[in-house]
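Accompanying notes for the structure given below.
Bear in mind that the values in this text are calculations on the coordinates, not laboratory data. Keep in mind the model is a prediction, meaning the values are calculated, not measured. Using ideal geometry, Cβ is built from the backbone for each residue, glycine included, and neighbour counts are taken over all protein chains shown.
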Amino acid sequence: MLHLLDASTLITANREYYPLDRIPEFWDWLLHQGAQGQLKIPLEMVEEIREGTDEVAAWISERDHLEALTLEEDVDVDLLRRVIEEGYAPDLTDQEIEIIGRDPFLISHALKSPDQRCVVTAEISKPSKQRANRKVPDVCNDFGIRPMDSFGLIRSLNFSTAWRAAAGV
């Protein structure tokens, strides 16, 4: 299973749970998992992170981090269009498209192979939301894509602070 990370996953992890300066093991583990092909971040999400001014923006911008984590794959425009039209609405306004941001790109990359890819996001499901206010997990569910949060990622890929020894790194 390839885990595709939303920008919110890293931003929230640094801010709330695994600060870069306090739990570097988590961030090293992400790099290791990325290099092993277990998790990737679509380019559109990488760009979103790099637009920030926090530690995560600087961290992801390091060349070896980009190489390990970036999904080297162009988005399928037909899948992107499908995600926008069926997952959000076929008649979105320019303002609504701005609100959605890059989320449809993330979901489109997962839709390319929904039985072999999942989406990791910090967004929380809110099924009652409509149009541009829909949340990533709900759109993923509509397309049969498995959504999970960072704790699901940790369980799925078996993170622990002793991961290096277990991985032989």
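Once amide H atoms are placed 1.01 Å from N in the peptide plane, what residues at a sequence separation of 5 or more from L39, or on another chain, have their amide H within under 5 Å of its amide H?
H3, G34
Short version: ³J(HN,Hα) in whole Hz for each residue of segment 11-16, in order, from phi by Karplus 6.51 cos²θ - 1.76 cosθ + 1.60 (θ = phi - 60°), x for Gly and Pro, what are they?
My calculation for segment 11-16 gives 4, 5, 4, 5, 6, 10 Hz in order.
What is the Å³ per residue value for the convex hull set by the Cα atoms of segment 67-106? Walk me through the intermediate numbers first.
On the way: hull volume 3.0 nm³, N = 40.
Dividing the Cα hull volume of segment 67-106 by its residues yields 75 Å³.
Cα convex hull of segment 63-169: how many Å³ per residue?
Working: hull volume 13.9 nm³, N = 107.
Hull volume over Cα atoms, normalised by residue count, gives 130 Å³.
Counting other beta carbons within 10 Å of each Cβ, put K40, K126, K135 in order, fewest first.
Numbers: K40 22, K126 11, K135 17.
Ranked by crowding around the Cβ, least crowded first: K126, K135, K40.
Which of C140, C118 comes first, and how do the rest follow, when ranked by fewest Cβ neighbours within 10 Å?
Taking fewest neighbouring Cβ atoms as first place, the list is C118, C140.
Got a sec? Charge dipole of the chain, +1 on Cβ for Lys and Arg, -1 for Asp and Glu; which of L71, T12, I60 is way out at the positive end?
The Cα lying farthest towards the positive end belongs to T12.
So what's the net charge close to E73: Lys and Arg +1, Asp and Glu -1, counting the other residues with Cβ under 15 Å from its Cβ? Numbers along the way, then the final one.
Values: positive: K40, R102, K112, R117; negative: E44, E47, E67, E72, D74, D76, D78.
Local charge sum for E73: -3.
I want to check the label-to-label distance for T161 and M1. Put each point 7 Å from Cα in the C-beta direction and report it in nm to one decimal.
Between T161 and M1, the simple spin-label model gives 2.6 nm.
How would you order 76-86, 25-35 from highest to lowest mean count of nearby Cβ atoms within 10 Å? Could you put the intermediate results ahead of the total?
Numbers: 76-86: 15.4, 25-35: 19.0.
Per-residue mean Cβ counts within 10 Å order the peptides as 25-35, 76-86.
Using the Cα atoms as the points, what is the convex hull volume per residue of segment 1-128 in Å³? Provide the component values of the computation, followed by the final result.
Numbers: hull volume 15.2 nm³, N = 128.
In segment 1-128, the Cα hull volume divided by residue count equals 119 Å³.
Work out the length of the dipole vector of the chain about its Cα centre, built from +1 on the beta-carbon of each Lys and Arg and -1 on the beta-carbon of each Asp and Glu, and round it to the nearest 20 debye.
Details: 18 positive and 31 negative charges, 137 e Å.
Result for the chain is approximately 660 debye, rounded to the nearest 20.
Residues of segment 90-134 with backbone nitrogen within less than 15 Å of a virtual label 7 Å along the Cα-to-Cβ line of N141, please, listed as ranges.
119, 121, 123-131, 134
Amide H neighbours of V119 under 5 Å, counting only residues 5+ apart in sequence or on other chains, H built in-plane at 1.01 Å?
L4, R146, M148
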